[in-house]
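Structure first, commentary second.
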Amino acid sequence: MPNLSVMSLFLAAAAALLLMPGPVVMYTVARSIHQGRQAGLVSILAIGMGDFCHVLAAAFGLSALLASSALAFMVVKYAGAAYLIYLGVRTLLSPTDGQQTQAHKPMKLSRVFYQGLLVSILNPKTALFFLAFLPQFVAPNQSSVLTQVIILGCLFVGMGILTNTVYALAASRLGRLFRNNLRVLRTQHYFTGSIYITLGLATALTGSSDK
């Protein structure tokens, strides 16, 4: 178990990182605006579970393997990018006129969860982020490194869920206010699709930057 001073430093650093909107926040906001609060919250839960998988991978050394293998990194990276671009293109091609949009059934929450989980797991930069960030606060001479990494990782994931929830609630409220306005509805539709495509292209074109 990390000591109190290390824990306090970790919480402060994690809070600073989480309060800066990144790709995960943009994905959550887009999903919340497009389909409402429930879908946004389900996406957050899915992303949190995906992040926890990355924490376990970092704790057990799988992330180190991903970091050391250029081929593995590229395969996962481009698979995740392709999936995000696919979501964006499908959103842009779905109906946008009044009657079609009203008749268009919302995506099932189970499918929303599945998509969010895939977006999180197929993000190698998240794995590299945890591999680089968590060890900075681990004291090998105090207790089990595995235990410390898992504890710190769970704290980070929990904080991420809380901060993302704030963004999701705000975005869903904004989407609800304008949902009956056809012009805004069309803008929201193109905004959501464009966000997915932009995230996919950013994932494919950038290096191992922060989550």
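Computed from the coordinates by the stated procedures, all read-outs in this text should not be read as laboratory data. Because the structure is a prediction, the values reported are computed rather than measured.
Descriptive notes on the structure:
- Across the range 79-89, rounded Karplus estimates of 3J(HN,Hα) from the backbone phi angles (6.51 cos²θ - 1.76 cosθ + 1.60, θ = phi - 60°) give 5, x, 5, 4, 5, 5, 5, 4, 4, x, 5 Hz, Gly and Pro being marked x.
- Converting phi to 3J(HN,Hα) with the Karplus coefficients 6.51, -1.76 and 1.60 and the offset θ = phi - 60°, the range 193-201 yields x, 5, 4, 4, 5, 4, 5, x, 5 Hz in sequence order, with x at every glycine or proline.
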